[in-house]
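The structure appears below as structure tokens.
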Amino acid sequence: MIEFIDARWADILFRSYQHSSLVIQSLLLATVIAVALAVLVTSCRRLTPVANAVSAVGLTIPSFALLGLLLPIVGIGTVPSVIVVSFYAALPVLRNAVVGLQGVEASLIESARGQGMSGAAVLWRVRLPLAWPVIMTGIRVSAQMAMGVAAIAAYALGPGLGTYIFTGLTQVGGANALNYALVGTLGIIILALILDALLVLLSRFTTSKGIRA
Amino acid sequence: MNQTTATAPDGSGAQLELVDVVKKYPGQSRPAVDGLSLTVPAGQTVMFVGPSGCGKTTSLKMINRLIEPTSGQILIDGEDITGQDATQLRRSIGYVIQGGGLLPHMSVAENIGLVPGLLGWDKARTKGRVEELLEMVGLDPAVYRDRFPRELSGGQQQRVGVARGLAADPPVILMDEPFGAVDPITRQRLQDELMSIQEELQKTIVCVTHDIDEAIKLGDQILILREGAEIAQYGAPEEILAAPADDFVADFIGSGSKLKQLSLLRVGDLPLSQPQTCRVGESVDEVVRRVEAAGERSVVILDAQNRPKEYLFLRSLKRHQTVPVFSHELQTVVDQRSTLSDALDAMLVSSHGGAMVTGGSRGDYLGVISYDTVTEHIRTLQTQTGQIRAVPSAGWEAS
Ligand SMILES: Nc1ncnc2c1ncn2[C@@H]1O[C@H](COP(=O)(O)OP(=O)(O)OP(=O)(O)O)[C@@H](O)[C@H]1O
Ligand SMILES: [Mg+2]
């Protein structure tokens, strides 16, 4: 195993970088889309149950199936990977953002409007900052999930550590099969832990001291 | 802004006029506010009272257009506000709600500086204003400026809420049960502070309350409403207490209306007694000698700023070498603008049958109001038939 890692050191690092890059970019995209959707949905009360249903049902779609559906449309490579990872990452963020935004007391919003804040000011300076800790929790859940989904996305020849796992699986019984699978899996776990720690830090620095738990 | 001229002082109140204002919520058969017409003179405080659900909050929120009137006109200084941009309008109307309504993720300074910020004041001016307002509501800026709302007591949050409402020096201030969420002693303090602030600023204040005593104490005018925001009576507290328009009003002001006259009288209207005083840090032996020479058994302790700190019997003081520093909150201190009923409350917890009286914005010690002075005064009131007119109502008989 040590020999295995030694021989492929540069490749492993490069793939880890690719994997993280895919996850982080998809996560950013997912967050922007999900928060925007949540703002839309919470402004129109009738849409809220729809959003909750979508995020619940969406998570039950097997990622392989989604990938299979996407491949004929967008072809193989990075694009389907980003789409699939973003899709799954968006769901927990959407759900938490809806909950977080709904959790902002109506009386507080009214008090802010009563001071003369415009609708946009209330959104940026009151609703989003107050919902932020809940949204960040959603982002952390998404990040963990995205790490796993990104591994599966490697099936579509997307970048990252997932390729190692697939190589391992296709070569079962071969000389390095176990090493491939193990290094791929452990690598993803380590990356996931690092990313989570970074997100915890980010959450601390971006949440007002006045509402920090 | 401290100087008040004979005419309206700078940044003072504006006349507020409601003309046949109606609010009908969708799906309701009867309007919540059914043709309310009302004029509030500039610089006066009008208190809205009435049973729950009679339309007080609805009427109030139509003034800053958090609720849009179904019909009617609302005029501030003669200008109809119903056509103005609502967001801009609200920046020129102070709004204070129960509990303060502070934004929990913003510091005290950010909360107070909210409206000045929206109005585009520069940072230095906003900062100066925040300090000034914190001082005004009795919070030390150095201590409280950077705190978050959750790090404040309920009373302190409410103070910040009042400061925020005053921040941009609006001519009209709306308050919805501002002191409804704090304990009675804090409430009384906050009322006293609001009165001294209002004495200086002369804003036009519309304040909703559930508490008729608060209305009598704070209001230049009281508006008593019934269902549908129909006016039952509108007038000065003295008028309403002396001559309730009908049984509804009489019931509403309650059977204790003779005692309620106590809410009209200020501590400063009565003579204060001047017991012996001493300073923190003085030698106890000396103080005891002096007080005993004057034939008294207790002494008022003042700090270096001339604020009362404690009212002690000599025997308790004798345990110390020098007069110690007392830092606990005193419940037996009232402002000279407090009402006699507040003073009676304070006396109940005093072991001396009297409450210490302070005046001015820094709470300087003035003297002591004694229980005997108050009861004596009530007795003379009762014999002066001219002062309290008999009122033919069920409630009156009961007292
Ligand atoms: N958003 C709303 N939609 C429908 N009806 C409402 C709404 N807000 C208030 N009402 C109704 O309008 C009437 C007046 O309400 P309002 O809040 O003005 O009463 P209030 O005098 O402030 O009462 P309270 O003393 O309990 O605060 C009530 O009957 C209430 O049920
Ligand atoms: Mg109300």
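The values are calculated or read from the model by the stated rules, or taken from the named source; none is laboratory data. None of the values given here were measured: they were computed from a predicted structure. Cβ atoms come from the backbone with ideal geometry, glycine included; neighbour counts cover every protein chain shown. Just the protein is used for accessible areas: all its heavy atoms, side chains included, with ligands, DNA and RNA removed. Shrake-Rupley method; radii C 1.70, N 1.55, O 1.52, S 1.80 Å.
Observations, loosely collected:
- Rounded to whole Å, sorted largest first: equivalent-ellipsoid semi-axes of the protein assembly as shown, Cα gyration tensor: 64, 33, 19
- Complex-versus-alone comparison for segment A:181-213, residues with a loss of 30 Å² or more in accessible area, probe 1.4 Å: A:SER208, A:LYS209, A:GLY210
- Chain B - Rg and Dmax from Cα coordinates, angstrom: 23.2, 77
- One Cα centroid belongs to segment B:272-334, the other to segment B:198-216; the line between them spans 36 Å.
- Apolar share of the accessible surface for segment B:98-226: 48 percent from carbon plus sulfur atoms, 1.4 Å probe.
- Using a probe of 1.4 angstrom and keeping all protein chains present, the accessible surface of chain A works out to 50 square angstrom per residue.
- Angle between chain B longest axis and helix B:154-166 axis [Cα atoms, degrees, rounded to 10]: 50 degrees
- 10 Å binning of all Cα-Cα separations within segment B:92-201, expressed as whole percents from 0 upward: 16, 52, 30, 2
- Segment A:34-51 and segment A:160-186 have Cα centres lying 42 Å from one another.
- Lys/Arg +1, Asp/Glu -1 at C-beta; the protein assembly as shown dipole; positive extreme among B:LEU190, A:PHE205, B:SER107: A:PHE205
- Taking every DSSP bridge with both residues inside the protein assembly as shown, close to 55 percent are antiparallel.
- Between the Cα long axis of helix A:128-153 and the first principal axis of chain A there is an angle of about 20°, rounded to the nearest 10.
- Per-residue Karplus couplings for segment B:320-325, computed as 6.51 cos²θ - 1.76 cosθ + 1.60 with θ equal to phi - 60°, are listed in order as 10, 7, 10, 5, x, 7 Hz, Gly and Pro entered as x.
- Distance between the 7 Å Cα→Cβ label points at B:ALA86 and B:ASP269: 4.3 nm.
- Dipole magnitude of segment B:2-256 about its Cα centre (Cβ charges: Lys, Arg +1; Asp, Glu -1), debye to nearest 20: 940 debye
- Amide H within-cut-off set for B:SER298, under 5 Å, with H built and near neighbours excluded: B:LEU314
- Phi-based couplings in Hz for segment A:27-44 (Karplus 6.51, -1.76, 1.60; Gly and Pro marked x): 5, 4, 4, 4, 4, 4, 5, 5, 5, 4, 4, 5, 4, 4, 5, 6, 7, 10
- Charges were assigned to the Cβ only: +1 to each Lys and Arg, -1 to each Asp and Glu. The resulting dipole of segment B:268-380 about its Cα centre is roughly 300 debye.
- On association of chains A and B, roughly 1900 Å² of accessible area becomes buried (total for both chains; probe 1.4 Å).
- In sequence order, calculated HN-Hα J values of segment A:62-77 (Karplus, 6.51, -1.76, 1.60; Hz; x Gly/Pro): x, 5, 4, 4, 5, 4, x, 5, 7, 3, x, 7, 9, x, 8, x
- What you get for segment B:27-81, charging only the Cβ of Lys and Arg (+1) and of Asp and Glu (-1), is a dipole of about 280 debye around the Cα centre.
- Among B:ALA294, B:LEU16, B:CYS54 the positive-end extreme of the charge dipole of chain B (Cβ point charges): B:ALA294
- For segment A:108-142, accessible area lost to neighbouring protein chains reaches 40 Å² or more, against the chain alone with a 1.4 Å probe, at A:LEU108, A:GLU110, A:SER111, A:ARG113, A:GLY114, A:GLN115, A:GLY116, A:MET117, A:ARG125.
- Degrees separating the helix B:371-383 axis from the principal Cα axis of chain B, which is the longest one: 50 degrees
- Only protein heavy atoms count here; on that basis, with a 1.4 Å probe, B:VAL46 has an accessible area of about 0 Å².
- Along each principal axis, Cα extent of segment B:168-252, largest first, Å: 39, 29, 25
- Helices in the protein assembly as shown, meaning DSSP H runs of at least 4 residues, each add -39500 (n - 2.57). Divided by all residues, the mean residue ellipticity at 222 nm is -15000 deg cm²/dmol.
- Convex hull volume of the Cα atoms of segment B:43-109, normalised per residue: 147 Å³.
- Ranking of A:PHE64, A:PHE205, A:PHE166, A:PHE87 by solvent-accessible surface, largest first: A:PHE205, A:PHE64, A:PHE87, A:PHE166 (1.4 Å probe, protein heavy atoms only, all chains present).
- For the cross-link pairs B:LYS23/B:LYS203; B:LYS61/B:LYS217; B:LYS217/B:LYS260, the ones whose C-alpha atoms lie over 18 Å apart are B:LYS23/B:LYS203; B:LYS61/B:LYS217.
- Residues in segment B:102-128 occluded by at least 40 Å² - accessible area, probe radius 1.4 Å, against chain by itself: B:LEU103, B:PRO104, B:HIS105, B:LEU114, B:LEU118
- Residues whose amide H falls under 5 Å from that of B:GLU177, counting only those 5 or more places apart or on a different chain, are B:VAL208, B:THR209, with hydrogens built in the peptide plane.
- For A:TRP9, A:TRP132, A:TRP124, the ranking by accessible surface with the largest value first comes to A:TRP124, A:TRP9, A:TRP132, using a 1.4 Å probe.
- Taking a straight Cα-Cα cut-off under 12 Å and skipping sequence neighbours fewer than 8 places away in the same chain, the aspartates and glutamates within cross-link reach of B:LYS318 are B:ASP285, B:GLU286.
- Taking B:ILE205, B:ILE81, B:ILE112 in turn, the Gaussian network model of chain B (Cα-Cα springs below 10 Å) assigns the largest fluctuation to B:ILE81.
- Considering only A:SER21, B:ALA232, A:ALA38, the residue lying farthest towards the positive end of the dipole of the protein assembly as shown is A:SER21, judged by Cα position with unit charges set on Cβ.
- Estimated D of chain A in µm² per second, where Rh is the Kirkwood radius over Cα pairs and Stokes-Einstein applies at 20 °C, 1.002 mPa s: 114 µm²/s
- Per residue, segment B:2-256 exposes an accessible area of 39 Å² to a 1.4 Å probe, with every protein chain left in place.
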